[in-house]
1. Out of segment 166-192, which residues are surrounded by 19 or more Cβ atoms within 10 Å (Cβ to Cβ) and either of a type in the set (A, V, I, L, M) or not in a loop (DSSP other than H, G, I, E, B) (or both)?
2. Which count do you get for residues in segment 193-203 that are in contact (Cβ under 8 Å) with a residue 40 or more places away in the chain and surrounded by fewer than 17 Cβ atoms within 10 Å (Cβ to Cβ)?
3. Of all residues in segment 81-135, which are modelled with pLDDT of 95 or more and part of a helix (DSSP H, G or I)?
4. For segment 228-245, name all the residues that are in contact with a Leu (Cβ under 7 Å, 6 or more places away or on another chain) and either at pLDDT below 95 or more than 16 Å from CYS200 (Cβ to Cβ) (or both).
5. Given the structure, is THR172 in contact (Cβ under 8 Å) with a residue 60 or more places away in the chain and either more than 25 Å from LEU64 (Cα to Cα) or not acidic (Asp, Glu) (or both)?
6. If you go through segment 207-227 one residue at a time, do you hit one that is modelled with pLDDT of 95 or more and in a loop (DSSP other than H, G, I, E, B)?
7. Pull up segment 145-176, narrow it to residues that are within 11 Å of the chain's Cα centre (by Cα) and more than 20 Å from ALA77 (Cα to Cα), then point me to the one that is modelled with the highest pLDDT.
Amino acid sequence: MERSMTKIKTSALLLSCTVSLASCLLLAQVQRPGEYPRGEKPSPMMNFFVTSEPIGDGGNLGGLAGADAHCQVLATAVGAGNRTWHAYLSTQARPGQPAVNARDRIGKGPWYNFQGEMIAQDLAHLHGDTMELAHQGNNLNKLTGLTEKGQIVPGLYDYSDPRDNDWNYAKTTRFSTRHEMLTGTQTDGTAFTDGVDHTCYNWTSNKSPAPGTSNGNLNAADGRPNAEIGFPDRNGGGSGSWNSAHGTRGCAQTDLPKTHGIGLYYCFATN
């Protein structure tokens with residue numbers, strides 16, 4: 001009798017473990033890395049996110065107004081539309097148009113992500129305005145640079161696929177590499193003044209370089225129109241900076257995936 005009871009208990013334990021394992025495997029299939037459970041809402045403190053979707057027209061975001069509107073639409077969709085959202089983008093001086101610095105558009109801080117984790121206390125901490133703050137760094141990294149949906153942005157080697165640099169593949173594949181954020185800014189959050197177009201003509205151009213005019217240099221040394229980008233995961237070419245690492249290969253939507261981006265950018269609430 002005692003031996004029979006032991007067999008029953010053992011069988012029940014094995015069944016329980018099997019069910020648990022099956023549940024874990026099912027969860028792993030449904031909830032891939034970088035995604036949070038459906039229905040989870042952002043923290044009421046959220047006033048920073050990475051756009052989960054691009055506008056889809058390369059460097060033509062409709063200017064700053066169009067980029068801001070995209071931030072507002074995405075925030076509203078997750079219940080955070082009660083704030084005023086601005087894109088972290090600089091524009092360069094043009095005839096009759098003064099430059100606009102990204103750092104001047106996003107409020108004073110502090111800023112929190114989807115989970116309520118602080119990204120930076122203020123503008124000085126965000127940009128490392130002093131030697132001490134630059135050494136300390138802000139809290140923007142792969143695990144905190146979340147979208148408005150709470151997703152981790154797929155990084156350089158997360159789901160590596162040779163098709164990642166093809167927009168036709170990337171636009172339908174949520175897990176393609178897409179960790180480049182459009183900024184058009186220098187590391188201190190200010191606009192470029194060197195005469196090279198780092199903002200796709202202030203976020204209104206979707207043009208590729210003319211044939212034979214681009215040498216593929218990531219730092220735009222050839223003077224072609226491009227968009228300066230940064231990495232929330234701090235992993236990539238150039239300096240690896242969160243806001244000013246290198247330029248894109250051009251301003252067309254098909255140009256952006258060539259350096260592992262799709263036209264995403266940072267959004268900050270100003271209130």
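The values are calculated or read from the model by the stated rules, or taken from the named source; none is laboratory data. From a predicted model like this one, the values you see are computed outputs, not experimental measurements. Cβ atoms come from the backbone with ideal geometry, glycine included; neighbour counts cover every protein chain shown.
1. First pass over segment 166-192, keeping only residues surrounded by 19 or more Cβ atoms within 10 Å (Cβ to Cβ): 167, 170, 176-186, 189, 191-192.
Those that are surrounded by 19 or more Cβ atoms within 10 Å (Cβ to Cβ) and either of a type in the set (A, V, I, L, M) or not in a loop (DSSP other than H, G, I, E, B) (or both): TRP167, ALA170, GLU180, MET181, LEU182, THR185, ALA191.
2. Of all residues in segment 193-203, those in contact (Cβ under 8 Å) with a residue 40 or more places away in the chain come to 193, 197-203.
Of the ones still in play, those that are also surrounded by fewer than 17 Cβ atoms within 10 Å (Cβ to Cβ) are 193.
Summing the residues that are in contact (Cβ under 8 Å) with a residue 40 or more places away in the chain and surrounded by fewer than 17 Cβ atoms within 10 Å (Cβ to Cβ) in segment 193-203 gives 1.
3. Within segment 81-135, ALA102, ARG103, ASP104, LEU123, ALA124, HIS125, LEU126, HIS127 qualify.
4. First pass over segment 228-245, keeping only residues in contact with a Leu (Cβ under 7 Å, 6 or more places away or on another chain): 229, 232, 235-238, 242.
Listed by number, the residues that qualify are PRO232, ASN235, GLY236, GLY237, GLY238, TRP242.
5. Working: in contact (Cβ under 8 Å) with a residue 60 or more places away in the chain: no; either more than 25 Å from LEU64 (Cα to Cα) or not acidic (Asp, Glu) (or both): yes.
It is false that THR172 is in contact (Cβ under 8 Å) with a residue 60 or more places away in the chain and either more than 25 Å from LEU64 (Cα to Cα) or not acidic (Asp, Glu) (or both).
6. No, that holds for no residue.
7. First, the residues of segment 145-176 that are within 11 Å of the chain's Cα centre (by Cα): 145-148, 151-155.
Among the residues that remain, those that are also more than 20 Å from ALA77 (Cα to Cα) are: 154-155.
Working: PRO154: 93, GLY155: 89.
The extreme case among them is PRO154.
Here's the yes/no breakdown for (1) surrounded by fewer than 21 Cβ atoms within 10 Å (Cβ to Cβ); (2) in contact with a Leu (Cβ under 9 Å, 6 or more places away or on another chain); (3) among the charged types (D, E, K, R):
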position	(1), (2), (3)
SER52	yes, yes, no
GLY56	yes, no, no
GLY59	no, yes, no
LEU74	no, no, no
ARG83	yes, no, yes
LEU89	no, yes, no
GLY96	yes, no, no
